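Colleague: What follows is a structure written as C-alpha cells; I'll ask about it next.
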Amino acid sequence: MKKLRFLVSLTTDDNDYQIEQAKAAEQMARKLGTDIQIVYADNDAITQSTQILKAIQAEENQRPDGIVFEPVGGTALPQVARAAASAGVGWAVLNRDASYIPELRGSSSAPVFCVSSNHLEIGRIQGRQFAALLPKGGSILYIQGPAENSAAKERTMGMQETKPSNIHVTVLRAQWTEESAQRSVRSWLKLSTSQRATIDLIGAQDDSMAIGARRAFEELTNESEREHWLKLPFTGCDGLPKTGESWVRTGLLAATVLVPPNTGMAVDMLFQAIQNGKKAPERALTVPVSIPPLDQLKPQ
C-alpha cells in the first residue's frame with residue numbers, strides 16, 4: 001500500500017499555538033505511518049499560496065496526497081484550492097469557513113473539508129471569564145487578531161455576546177504574535193487617550209498576545225505606573241500546556257481558553273478518506289474549555 005504524503009501549511013513559527021499545531025500534525029503522521037512536510041508562511045498570504053502551489057505543481061511522485069493549511073489572509077485561497085482539487089490532492093482548511101468547499105466536494109474525487117476551533121464559543125467563554133473576573137463591571141483593553149481574519153471576528157462576536165453590558169471594551173489589533181501585541185500596546189500607551197483611560201483587565205485573543213501586552217507594560221519607566229498595569233488581570237486563549245496553561249498556574253495570566261490543536265484531526269481525516277475510503281464531513285469542530293473552570297475564577 002502506498003505511503004501517503006501530506007503537506008501542512010501554517011501561518012508562522014512565532015506563535016505558540018502554531019508551534020503546537022505543527023507538533024500535533026507530526027504526532028498524527030507518526031501514528032499513521034505517513035510522510036509529512038510542514039511549511040510556514042511568515043504571516044504572508046502570497047508566500048503561503050506560492051508554497052502550496054509549488055507543491056501541487058510538483059512531479060506526481062513528489063506531489064502531496066493531501067494539504068492541510070491555516071489561511072494567513074482574509075480568504076482561504078480559492079484558486080489554490082481548485083488547483084489542488086484538479087490535481088486530485090486532498091484539501092483541509094483549518095480555522096476558517098471557506099465558501100467554495102461545497103462546490104469542490106461536489107466536483108472533486110479528493111476529500112475537501114474544514115476543521116475549525118469553535119471560535120464563537122471561544123469568544124463566549126472569554127466573555128464569561130470577563131464577567132467572573134469583573135462582577136461589578138469595568139473596562140477592558142482587548143487585543144484582537146487581524147481585522148480580516150474570520151477567527152478574530154468570531155471570537156470578538158462571541159465575547160460581545162456573553163460579556164455583561166457594564167463591561168466596556170477598547171480594541172487594539174495585533175497579528176497573533178507576542179511582538180505584534182507588544183508594539184500595539186506600546187503605540188497605544190503613547191496616545192493621550194490611554195492616559196485618561198481607566199482599564200480594569202487586559203484580554204487578548206491568544207496567550208502570546210497577552211504576554212506581549214505584559215511586555216509593553218514592563219517597559220514603562222514610571223515605577224508606580226508600571227506596577228499598576230502589571231497588577232491587572234491578563235487573559236488569553238489557546239491554553240497550551242507549556243505556555244497558556246503554565247502561565248495561569250504561575251499567575252502571569254488570570255485565565256485562558258484551551259483551544260485544542262486541530263491539525264492532527266485534519267491529517268487523520270485526510271488519511272481515513274484517502275486510504276480507507278471513509279467520507280469526511282464537510283466541517284468538524286474542536287471543543288474549547290475555560291482554564292481555570294469558570295466556577296473557580298475569583299473576582300479581581
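The values are calculated or read from the model by the stated rules, or taken from the named source; none is laboratory data. Keep in mind that this is a model prediction, so the values were computed, not measured. Cβ placement follows ideal geometry from the backbone for every residue including glycine, while neighbour counts extend to all protein chains displayed. We work out accessible area using only protein heavy atoms, side chains counted, and drop any ligands, DNA or RNA first. Shrake-Rupley method; radii C 1.70, N 1.55, O 1.52, S 1.80 Å.
Colleague: Could you pull out the residue among Leu258, Leu253, Leu285, Leu294 that is surrounded by fewer than 19 Cβ atoms within 10 Å (Cβ to Cβ), modelled with pLDDT of 95 or more and of a type in the set (A, V, I, L, M)? Spell out the reasoning first.
Modeller: Numbers: Leu258 fails: surrounded by fewer than 19 Cβ atoms within 10 Å (Cβ to Cβ); Leu253 fails: surrounded by fewer than 19 Cβ atoms within 10 Å (Cβ to Cβ); Leu285 fails: modelled with pLDDT of 95 or more.
Going through Leu258, Leu253, Leu285, Leu294 in turn, the sole match is Leu294.
Colleague: Test Ala273 against the criterion of being over 30 Å from Asp35 (Cα atoms) and surrounded by 16 or more Cβ atoms within 10 Å (Cβ to Cβ), and give yes or no.
Modeller: Numbers: over 30 Å from Asp35 (Cα atoms): no; surrounded by 16 or more Cβ atoms within 10 Å (Cβ to Cβ): yes.
Taking the combined requirement at face value, the residue does not satisfy it.
Colleague: Can you run down the residue pairs with Cβ atoms below 8 Å, 6 or more apart or on separate chains, where the first is in segment 97-115 and of a type in the set (D, E, K, R) and the partner is part of a helix (DSSP H, G or I)?
Modeller: These pairs meet every condition: Asp97/Ser150.
Colleague: Being over 22 Å from the mean Cα position of the chain (by Cα) and either open to solvent by less than 50 Å² (accessible area, probe 1.4 Å) or not hydroxyl-bearing (Ser, Thr, Tyr) (or both) is the filter here; which residues of segment 91-116 pass it?
Modeller: Just the residues of segment 91-116 that are over 22 Å from the mean Cα position of the chain (by Cα), to begin with: 102-111.
Answer for segment 91-116, where residues must be over 22 Å from the mean Cα position of the chain (by Cα) and either open to solvent by less than 50 Å² (accessible area, probe 1.4 Å) or not hydroxyl-bearing (Ser, Thr, Tyr) (or both): Pro102, Glu103, Leu104, Arg105, Gly106, Ser108, Ala110, Pro111.
Colleague: Further question: Residue under question is Asp16, and the condition is that it be modelled with pLDDT under 95, under 22 Å from Val257 (Cβ atoms) and under 17 Å from the mean Cα position of the chain (by Cα); does it hold? Walk me through it before giving the result.
Modeller: Working: modelled with pLDDT under 95: yes; under 22 Å from Val257 (Cβ atoms): yes; under 17 Å from the mean Cα position of the chain (by Cα): yes.
So Asp16 passes the test.
Colleague: Now, a different point. How many of the residues in segment 211-238 are modelled with pLDDT of 95 or more and in a strand (DSSP E or B)?
Modeller: So the count comes out to 2.
Colleague: Still on this model: Mind counting the residues in segment 260-286 that are β-branched (Val, Ile, Thr) and out of contact with any Leu (no Cβ under 8 Å at 6 or more places or on another chain)?
Modeller: Step one: of segment 260-286, the residues β-branched (Val, Ile, Thr) are 263, 267, 274, 286.
Adding the requirement that they be out of contact with any Leu (no Cβ under 8 Å at 6 or more places or on another chain) leaves 286.
Adding up the residues that qualify gives 1.
Colleague: I've got another one for you. Can you pull out every residue in segment 26-45 that is closer than 25 Å to Asp14 by Cα and at pLDDT 95 or above?
Modeller: The initial filter retains those residues of segment 26-45 that are closer than 25 Å to Asp14 by Cα, namely 26-30, 35-45.
Glu26, Gln27, Met28, Ala29, Arg30, Asp35, Ile36, Gln37, Ile38, Val39, Tyr40, Ala41 - these are the residues of segment 26-45 that are closer than 25 Å to Asp14 by Cα and at pLDDT 95 or above.
Colleague: From the list Ser117, Ser150, which residue is touching a strand residue (DSSP E or B) at 6+ places or on another chain (Cβ under 8 Å) and within 28 Å of Ala22 (Cα to Cα)?
Modeller: Of the residues listed, the single one that is touching a strand residue (DSSP E or B) at 6+ places or on another chain (Cβ under 8 Å) and within 28 Å of Ala22 (Cα to Cα) is Ser117.
Colleague: On to the next question. Could we say that Thr243 is over 16 Å from Asn95 (Cβ atoms), modelled with pLDDT under 95 and buried (at least 16 other Cβ atoms within 10 Å of the Cβ) here? Walk me through how you get there before you give the answer.
Modeller: Values: over 16 Å from Asn95 (Cβ atoms): yes; modelled with pLDDT under 95: yes; buried (at least 16 other Cβ atoms within 10 Å of the Cβ): yes.
It is true that Thr243 is over 16 Å from Asn95 (Cβ atoms), modelled with pLDDT under 95 and buried (at least 16 other Cβ atoms within 10 Å of the Cβ).
Colleague: Is there a residue being more than 30 Å from Arg5 (Cα to Cα) and not small (Gly, Ala, Ser) anywhere in segment 254-274? Even if it seems obvious, please write down each step before you answer.
Modeller: Initial filter on segment 254-274 (more than 30 Å from Arg5 (Cα to Cα)): 254-257.
Filter again for not small (Gly, Ala, Ser), leaving 256-257.
Within segment 254-274, one or more residues are more than 30 Å from Arg5 (Cα to Cα) and not small (Gly, Ala, Ser).
Colleague: Now a separate question. So in segment 80-113, with the set limited to residues that are part of a helix (DSSP H, G or I) and of a type in the set (Lys, Arg), which one is nearest to Val259 (Cα to Cα)?
Modeller: So, considering only residues that are part of a helix (DSSP H, G or I) and of a type in the set (Lys, Arg), the one nearest to Val259 (Cα to Cα) is Arg105.
Colleague: Can you name the number of the only condition in (1) open to solvent by less than 40 Å² (accessible area, probe 1.4 Å); (2) hydrophobic (A, V, I, L, M, F, W, C); (3) not in a helix (DSSP H, G or I) that Ile36 fails?
Modeller: (1)
Colleague: Scanning segment 1-33 for residues that are among the acidic types (Asp, Glu) and surrounded by 17 or more Cβ atoms within 10 Å (Cβ to Cβ), which turns out nearest to Ser180 (Cα to Cα)? I'd like the intermediate steps shown before the answer.
Modeller: Start the filter on segment 1-33 by keeping residues that are among the acidic types (Asp, Glu), which leaves 13-14, 16, 20, 26.
Going one step further and asking which of them are surrounded by 17 or more Cβ atoms within 10 Å (Cβ to Cβ), we end up with 14, 16, 20.
Working: Asp14: 10, Asp16: 14, Glu20: 19 Å.
By that ranking, first place goes to Asp14.
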